[in-house]
1. Using helices alone, I'd like the mean residue ellipticity at 222 nm for the chain: each DSSP H run of four-plus residues gives -39500 (n - 2.57), total over residue count, nearest 500.
2. Once R0 is set to 35 Å, what does the formula 1/(1 + (r/R0)^6) return for the Cβ-Cβ distance between Ser112 and Thr15, expressed as a FRET efficiency to the nearest 0.05?
3. For the stretch 2-197, with only Lys/Arg (+1) and Asp/Glu (-1) charged at the beta-carbon, what is the dipole magnitude about the Cα centre, in debye rounded to 20?
4. Using each residue's phi in the stretch 129-146, evaluate 6.51 cos²θ - 1.76 cosθ + 1.60 at θ = phi - 60° and report the 3J(HN,Hα) Karplus result to the nearest Hz, with x for Gly and Pro.
5. HN-Hα J couplings of the stretch 72-81 from phi, Karplus 6.51/-1.76/1.60, θ = phi - 60°, integer Hz, Gly and Pro as x?
6. Just the number please: accessible area per residue for the stretch 2-197, 1.4 Å probe, all protein chains included, in Å².
7. Give me the Kirkwood hydrodynamic radius of the stretch 2-197, using the inverse of the mean 1/r over all pairs of distinct Cα atoms, in Å to one decimal.
8. Of the heavy-atom accessible surface of the stretch 66-138 (probe 1.4 angstrom), what whole percent is carbon and sulfur?
Amino acid sequence: MFISFEGTEGVGKTTLIRRIHDYFTAQGQSVVLTREPGGTSMAEQIRALLLAVNHEEKMCSDTELLLMYAARAQHLDQVILPALAAGKTVLCDRFSDASFAYQCAGRGLSESKLQTLNNNFVTRMPDLTFWLDAPIELGMTRARARGELDRFEQEKATFFEKVRGGYQTLWERHPERVKRLDATQNPDQVFAQAMDYL
Ligand code: TMP
């Protein structure tokens, strides 16, 4: 199975993924835990470029989108597809739904741009996607507590409201794949919600 985890900043994706990873591993399953943008050394270099705060040059939204997909192509080819072919379970912290939520809903890029990229470069979609949903302020408080904010985390609340709206749209469009979890609950409860679906 290929499972992705989505949501705005600070909603507890990492905690949930670790718990699901530990659960599957304890059952003797072979699990690959990975993330986007990133997951390979080259894709992690692209991630660094994407998250870096650059006061001299603003990254335009098209560049942001294309870099996300360059990292994704590398990640699919090197990690996700080989792991699935080997019968492993892949747990991925964000995938192409994040591009819809952040680059289309958040930045305002057209869906047709995204569709072109998805149609040509995303040969495998997740079987199941958990959308951890919580009010923006709650997540931002957690993200701020982690320390220095990256280029995305420095965005205003209005941007994240749009991103959250993007996830809501995906949840409504793909109810069979995208499952909403109430991320205002504590980690045990969020894990229990996810286990119900699993
Ligand atoms: P994170 O994985 O630590 O949350 O950081 C990745 C950031 O990149 C996060 O703010 C969301 C953003 N992102 C996009 O804008 N589009 C994408 O397609 C992906 C995978 C992530």
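The values are calculated or read from the model by the stated rules, or taken from the named source; none is laboratory data. Keep in mind that what you see is a predicted model, and the values were worked out from it rather than measured. Please note: Cβ atoms are built from the backbone with ideal geometry, for glycine as well, and neighbour counts cover all protein chains shown. What goes into the accessible areas is simple: the full protein's heavy atoms, side chains included, and nothing from ligands, DNA or RNA. Shrake-Rupley method; radii C 1.70, N 1.55, O 1.52, S 1.80 Å.
1. Calculated mean residue ellipticity at 222 nm is -14500 deg cm²/dmol.
2. That pair, Ser112 with Thr15, gives E of 0.45.
3. I would put it at about 160 debye.
4. Listing the rounded values in order: 10, 9, 9, 7, 10, 8, x, 4, 4, 4, x, 5, 4, 5, 5, 5, 5, 6 Hz.
5. 5, 4, 5, 5, 4, 5, 8, 10, 5, 5
6. 49 Å²
7. 17.1 Å
8. Carbon and sulfur atoms account for 54 percent of the accessible area of the stretch 66-138.
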